[in-house]
Structures are given as C-alpha cells and as structure tokens.
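Coordinate-derived values only; no laboratory data. Because the structure is predicted, anything quoted here is derived from the model rather than measured. Don't worry about glycine lacking a Cβ; one is built from the backbone with ideal geometry, like all the others, and counts go over all protein chains shown.
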C-alpha cells in the first residue's frame, strides 16, 4: 500500500476450473509505459508473473494498440508465445479479423460466451493432462507426503505377504493402501483430516 490514491498494484490470484484443468489465475495491473513509481512497480510485477506463467491469456478489445504490440513483443522475447492465447473480446458486437500476432487466437465474447469452448480446448492442449506425462508430481503438504509414504509402505508389505502368508493378508494391506490414497484425493476423509484442515485454514461461516 502507498499514500498515493488509486495506486494499489497487487497481483490478484484465484483458482478456477476450466474443463478438466485447474488453473491458478493471476490478474495483474495494466502494462504501459509510466513515470509513476508505484504504477511502475505494478508493471514490473506483471512482467514477473509473465515470466513464471505456464499459460498467458492476452485479452484485447478492438484494434491492437502500440502498448499491446509492445507487450506481445515482450511475450515473444521471453519465449512464451507458445503458451499464449490471445482473446479478441467483444466479438459479439464486432466482426473484426483476428490480429494474427500469436499462433493461438480466439474471437471471444465475455457477454455471450462465444469462443469459450474453443478456449477450454486450447487451455487443455497447453496445460491439460496430455502434457503431464513425465511431469514431476507436486506434493503440497506434509499430510500428503505422509499419505503417499503410508500407501507405498502398505503396498510393499502386501508384496512381502504374498511370499510367506495368504492372499487374504495381502488383500488387507492393499485395502489399507487404498484407504491412504482415498484420504489423499478426498474420496475418504477421516475426522483427523477434517480437524487438520480446520486447524490450518480459516473457514468462514
């Protein structure tokens, strides 16, 4: 925060689901040349988000401005053109041609939803499950790590049980492993997990 009115330049982040893909969307301040110190901080944050992004939704209205061309140039120089989708908004009131500055461009309307299905398919192509083969798995909490370790240990014990015990014992250990995995993805939640969630997150009424 600053004492200059109207100059908050925070990046606003929200998690949304688009088709089969979970997205962490970041909405940044507008990017333009400015001499204002605080506004320039917002622009720098926007460029930093661009560098980190796995997907860029570049929304334009009407003709491409010089500032938007400059932003497009930055995206290309950062090597992000292949993960950028240009959304030419307000296509419900204009039949203007797409700008042709990126490989992925969609005539879009936030009012009518025109182009939304194409956007879903494009996002899935860039960030969807088809691109996840061989990707590293992200573990976001100690509880998730513990559930995975417990499941792996139970499977290992089941394999050992097949060498010296009956299949019933191995089956019980497989069920135990499935229980740990069920707690991991939310299909099976114990009171311990529920209490852990309430202990670490503020849940509003």
Review point. Separation between the residue 175 and residue 59 pseudo-spin-labels, each 7 Å from Cα along Cα→Cβ, expressed in nm?
Key: 5.1
Check your understanding: Hey, rough spin-label estimate for residue 22 and residue 90, points 7 angstrom out along Cα→Cβ, what's it come to in nanometres?
Key -> 3.6
Exercise for review: Give me 71, 126 ranked fewest to most by other Cβ atoms within 10 Å of their Cβ, as a rough exposure proxy.
Suggested key: 126, 71
Revision key, fill the gap. Plugging the Cβ-Cβ distance of residue 120 and residue 76 into 1/(1 + (r/R0)^6) at R0 = 35 Å yields, to the nearest 0.05, a FRET efficiency of 0.90
